[in-house]
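Encoded as structure tokens, the structure appears first; notes follow it.
Each value in this text was obtained by applying a stated rule to the coordinates, not by laboratory testing. The structure presented is a predicted model; accordingly, all values stated were derived computationally and were not measured. Every residue, glycine among them, receives a Cβ derived from its backbone with ideal geometry; neighbour counts consider all protein chains shown.
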Amino acid sequence: MSPESLSLGKDLIGLESLSRDQIRGILDTAEPFKEISERAIKKVPVLRGKTIVNLFFEPSTRTRVSFEFAEKRLSADTVNISASGSSVVKGETLVDMARNLEAMRIDMVVMRHGASGAARFLAERIPSNVVNAGDGRHEHPTQGLLDMLTIRDHMGQIEGLKVGIVGDVLHSRVARSNIYGLLKLGAEVAVCGPRTLLPMGIEELGVEVFSRVEEAIEWADVLNVLRLQLERMEGGYVPSLREYNRIYGVSSARLERAPRDILILHPGPMNRGVEIDSDVADGPHSVILNQVTNGVAVRMAVLYLLAGGAPDTAEAAKKGGS
Amino acid sequence: MDEAAVRRALARIAREILERNGGPDGLVLVGIRRRGDLLARLLQEEIREAGGHDVPLGALDITLYRDDLATVGPRPLVGETQLPPGGIDGVNVILIDDVLYTGRTVRAALNELADYGRPARIVLCVLVDRGGREIPIQADIVGRQVETLGNQRVEVRVPPLDPYLAVELEEGGRDP
């Protein structure tokens, strides 16, 4: 594979705009990075001297910590900013904040934001690399990538697999990144959930729609179970958590009736006893913790590829060197 | 150098490794990808034939330790580093590469080894030393010294990456 086809350009905003080769390239690059986290000294010097700002306007533990581990294991210097403790509460705009950070000479921004499109908005306005760590309902590309890496690890390949996404697809950026990525790699994708939590016209993305979770289980090789955000109940999307569990909960009783063993993924944080039962989450076919481990490797791969893909380095590459 | 000449050089290198070390005990052969690790495998055979047993093998991928990421961009494929399960603490590491040129690859490999442990000793062994050093690094054991011009390339061919075993001198371009 040529380096050109692998280059991600300046930013990673979503999987929708990436090619199949670019997605495969990230997954292949993540493979050797897994080993670094198993070493006694979990550090390589490849991003030494780079400064990365983790800008989190929404609460996040797993994603923020995973990015931070990835950055530190590549020897980058990192700064974490969360909305509650930042100048945002004083009314500063996103762009002003980013420009001020730029003025302190940073190289990359990893951003989580509640507004769909925030990552692209920022990427178009600052010269630093921008990595989308989740923007509203739009995309969460590194989550999609780590889901695909985990599926590939356990199933051998993604092409031809049937992957069901169950739950609150309407509000889920994870669902969108999964749908874009999995379809590009040749999987069949279906979504399943109450009609109130499925976006209108979702079929147009090329996915099947099941209204009963039993049908999805009957069909799928892999289930990605989405978190039911508890505030959705107050929004009137589901009558009650108990009812949601009774009708859409992924339970071992339901899985036992499946014609094959189904690989179980969940992007976390889990609501045990709501969208997924404990015996499934902790069961033999759950790869939920493997997803977390793979998350660090995938993010290392993305940071590594972006660090060399900036225009000035591409320019320097043309001049050559040994 | 044709296959026979390379084999003779490797046999001589194997004897020198055993001599320096006083036998095969406490040795670990670590090759630098993507041809040093193949040469390490051949050296392991030679050491066995020269009266030793199988010594542990390792392979280093130095991509993430290079000093030119900023100028040439990321290498598309980062390889995996695999060291013997016993690690490298306290052992005599024979670091093996095909060609010694600027010395920068060896610099990167030494830094990477230091992140894995503290060997008792590291010995640098190369099949070909072509001169042209940019940093002060010299090999301890050399298969063949070659005088080269800047526009010549030394190509080491090792199966299974290449169809045959040989060292060839080619005109045109700096080493990539």
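Figures for the structure shown
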item: Residue-wise HN-Hα coupling along the stretch B:100-114, computed from phi with Karplus coefficients 6.51, -1.76, 1.60 (Hz; x: Gly, Pro); result: 9, 10, 6, x, 6, 4, 5, 4, 5, 5, 5, 4, 5, 4, 5
item: Restraint check, A:10/A:34; A:42/A:184; A:72/A:162, Cα-Cα greater than 30 Å; result: A:42/A:184; A:72/A:162
item: Bins of 10 Å from zero: percent of alpha-carbon pairs in the stretch B:78-176; result: 14, 41, 34, 11, 1
item: Cα-only Debye scattering, the stretch A:50-202: base-10 log of I(q)/I(0) at q = 0.15 Å⁻¹; result: -0.85
item: Relative exposure of A:50, A:72, judged by other C-beta atoms within 10 Å (fewest first); result: A:72, A:50
item: Rounded tilt (10° steps) of A:94-103 against the dominant C-alpha axis of chain A; result: 40 degrees
item: Largest-first ellipsoid semi-axes for the stretch B:1-69, taking √(5λ) over the Cα gyration tensor eigenvalues, angstrom; result: 24, 16, 9
item: Rg over Rh [alpha-carbon atoms, Kirkwood Rh] for chain B; result: 0.94
item: HN-Hα J in Hz across the stretch A:134-150 - Karplus 6.51, -1.76, 1.60, θ = phi - 60°, x for Gly and Pro; result: x, 10, x, 9, 6, 8, 9, x, 5, 5, x, 5, 6, 4, 5, 4, 5
item: In degrees, nearest ten, helix A:173-184 long axis to first principal axis of chain A (Cα); result: 90 degrees
item: Dmax and Rg, reported as Rg then Dmax, of the stretch A:183-236 (C-alpha, Å); result: 12.3, 38
item: Calculated Rg and Dmax of the protein assembly as shown using C-alpha coordinates, Å; result: 26.4, 82
item: Neighbour-count order for A:67, A:56, fewest beta carbons within 10 angstrom listed first; result: A:56, A:67
item: Furthest towards positive pole of dipole, B:142, B:13, B:85, structure part the stretch B:2-145, Cβ charges; result: B:142
item: 0 to 90° range, to nearest 10: angle between helix A:62-73 axis and chain A longest Cα axis; result: 40 degrees
item: The stretch B:75-176: GluC sites (Glu not before Pro) falling in loop per DSSP and having at most 13 other Cβ within 10 Å; result: B:134, B:147
item: Neighbour-count order for A:148, A:111, A:200, B:1, fewest beta carbons within 10 angstrom listed first; result: A:200, B:1, A:111, A:148
item: Isotropically averaged projected area of the stretch A:67-114, using the convex hull of Cα atoms (one quarter of hull area), nm²; result: 3.8 nm²
item: Per-selection metrics, the stretch A:38-106 (Cα): Rg and Dmax in Å; result: 13.8, 44
item: Cleavage-rule hits, chymotrypsin sites (Phe, Trp or Tyr not before Pro), the stretch B:87-176, DSSP coil, Cβ neighbours within 10 Å at most 12; result: B:164
item: Whether the stretch A:164-259 is rounded, prolate or oblate, judged on the alpha carbon gyration tensor where a/c under 1.5 counts as rounded; result: oblate
item: Dipole moment magnitude, nearest 20 debye, chain A about Cα centre, only Lys, Arg, Asp, Glu C-beta charged; result: 820 debye
item: P(r) tail fraction, the stretch A:215-266 - alpha-carbon pairs more than 16 Å apart, %; result: 45 percent
item: Charged-residue dipole, Cβ positions (Lys, Arg, Asp, Glu), chain B about Cα centre, Debye nearest 20; result: 180 debye
item: Rg/Rh (Cα only; Kirkwood hydrodynamic radius) as it applies to the stretch A:181-322; result: 1.11
item: Descending principal axes extents, the stretch A:1-122, alpha-carbon based, whole Å; result: 46, 36, 26
item: The stretch A:115-236 shape via C-alpha gyration tensor axes, a/c threshold 1.5; result: oblate
item: Table column - 3J(HN,Hα) (Hz), the stretch B:17-31, Karplus curve with 6.51, -1.76, 1.60, x for Gly and Pro; result: 4, 5, 4, 4, 8, x, x, x, 6, x, 9, 9, 8, 10, x
item: Cleavage-rule hits, GluC sites (Glu not before Pro), the stretch A:80-160, DSSP coil, Cβ neighbours within 10 Å at most 16; result: A:92, A:124, A:159
